[in-house]
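Engineer: Shown below is the structure under consideration.
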Amino acid sequence: MNQPSGDSCEQSYLLYTQPVERAEKSPAAGKAVKEYPGADSRGEVDTDPCEVCGSKRARVLYTLPGTRFLTVQCTHCQLGSLWPKPELQELIGFYPEHYYGNDGRKFSLIVEWLVRVVGARHSRFFAGLMPKEGRVLDVGCGRGITLHALMRMGFQTYGFEVSSAAVEGVDSGIQIRVGESLQDAAFPDDFFDEVMLWHVLEHIPAPAATMAEVCRILKPGGVVIVAVPNFSSWQARWCGPSWFHLDPPRHLYHFPLRGLKRLLENAGFQCQSEHHFSLRQNPFGWIQSILNLCPWLPRNGLYAVLHRLGNRRPPFTLAIRLQLWALCGLLAPISLVLSVIAAICRQGATVHVVARRPRTESPSDARRTVIRS
Ligand SMILES: [Zn+2]
């Protein structure tokens, strides 16, 4: 990937604002897309086996100018992914210094307050899914806001992160492990009552292996909660390359709801419920995605204004800032209504699925155990 020039603040700003373009149709080849490295005349590429269905064919959907990456979609199960897969060092470069916030804070004051209010509501939801004083793991726990609330409710709290920078300022009562993958944390078998992956799975290079590991470390009957942007939602389909939750190139996978559930079932889980409303994610997704459709505004400009980028502000003119705030005010009520309607129609722009490890092993689970041992 061509790294943006400048200091880390500018890198962070540039990563958020990279444009995404729809793969160009080639007039000479009818329905085929323009030639991309490795793509055939139909705009399809050979990839690694799909994390959900194992297919090795994917069509080119979007290009990410300024990078060597494409967004491709499995021709069989519609899972979206970044292609080619980035190397580990490249992945680290996707998360600039201020991605995780500063001094335990990530956003401007009002947004930070809202994040914590919503975080407290999430904590009550997570608490209701496990026994009193149960053992809970947050994969990708970041600043540990949710775990802190659960700890105060009497639960035994564990966090996993790939970056030690991300866990700076986490309460010392939370047991944190850092590693390249969840397997590195080496938790014992049948250890947790609940594991949550809250907007994390789309950042992980190997989601299928990660979910198999989650199944191993959960007690039989334990619960996993997985939240991801919903690639099959109205917001994703209507906004296309302008969709805020594409978050290129950090989101390595884009899960359609059906694909996410199949991934969980492949790992040995039984899906129990799906939830389509997120006050924190879905209305903002509408606002920023619609703003991204305005070609004169910087991509993800409002998010850049709300995010704390060190001590620097994104280099927008006053006119751009005023437009971003004015349009945000105008779009806020519309986005809330759209989010409620989408949730009612099970089309949430982000979803979270609650799944359970079965109490008794099925014959296929038993086979997996034999292979593991
Ligand atoms: Zn697939």
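The values are calculated or read from the model by the stated rules, or taken from the named source; none is laboratory data. The model shown is predicted, which means the values in this text are computed figures rather than measured ones. Cβ: placed from backbone, ideal geometry, glycine included. Neighbour counts: every protein chain shown.
Engineer: Select, from 160, 155, the only residue that is under 21 Å from residue 250 (Cα atoms) and either among the hydrophobic types (A, V, I, L, M, F, W, C) or exposed (fewer than 15 other Cβ atoms within 10 Å of the Cβ) (or both).
Structural biologist: The conditions single out 160.
Engineer: Within segment 213-252, track down each residue that is assigned to a strand (DSSP E or B) and surrounded by fewer than 24 Cβ atoms within 10 Å (Cβ to Cβ).
Structural biologist: Within segment 213-252, 219, 220, 221, 223, 225, 227 meet the criteria.
Engineer: Determine whether segment 27-34 contains at least one residue that is touching a strand residue (DSSP E or B) at 6+ places or on another chain (Cβ under 6 Å) and either modelled with pLDDT of 50 or more or not β-branched (Val, Ile, Thr) (or both).
Structural biologist: Within segment 27-34, one or more residues are touching a strand residue (DSSP E or B) at 6+ places or on another chain (Cβ under 6 Å) and either modelled with pLDDT of 50 or more or not β-branched (Val, Ile, Thr) (or both).
Engineer: Can you tell me which residue in segment 67-91 is farthest from residue 49 (Cα to Cα), limited to those that are at pLDDT below 90, assigned to a loop (DSSP other than H, G, I, E, B) and of a type in the set (D, E, K, R)?
Structural biologist: 68
Engineer: A follow-up question, please. Scan segment 275-294 for residues that are part of a loop (DSSP other than H, G, I, E, B) and farther than 28 Å from residue 126 by Cα and jot them down.
Structural biologist: 293, 294, listed by residue number.
Engineer: Only one of these is farther than 29 Å from residue 123 by Cβ and part of a helix (DSSP H, G or I): 327, 297, 336, 302. Name it.
Structural biologist: 327
Engineer: Still on this model: So, of the residues in segment 48-66 that are assigned to a loop (DSSP other than H, G, I, E, B), surrounded by 18 or more Cβ atoms within 10 Å (Cβ to Cβ) and not charged (D, E, K, R), which turns out to be nearest to the ligand (Cβ to nearest atom)?
Structural biologist: 50
Engineer: Out of everything in segment 169-212 that is of a type in the set (A, V, I, L, M, F, W, C) and free of Cβ contacts under 8 Å to residues at least 24 places away in the same chain, what residue ends up being surrounded by the fewest Cβ atoms within 10 Å (Cβ to Cβ)?
Structural biologist: The extreme case among them is 186.
Engineer: In segment 75-93, how many residues are free of Cβ contacts under 8 Å to residues at least 40 places away in the same chain and either within 15 Å of the ligand (Cβ to nearest atom) or among the small types (Gly, Ala, Ser) (or both)?
Structural biologist: So the answer is 3.
Engineer: Shifting gears a bit: Given (1) surrounded by 16 or more Cβ atoms within 10 Å (Cβ to Cβ); (2) at pLDDT below 80; (3) out of contact with any strand residue (DSSP E or B) (no Cβ under 7 Å at 6 or more places or on another chain), identify the lone condition not met by residue 109.
Structural biologist: In the conditions (1) surrounded by 16 or more Cβ atoms within 10 Å (Cβ to Cβ); (2) at pLDDT below 80; (3) out of contact with any strand residue (DSSP E or B) (no Cβ under 7 Å at 6 or more places or on another chain), residue 109 misses (1) alone.
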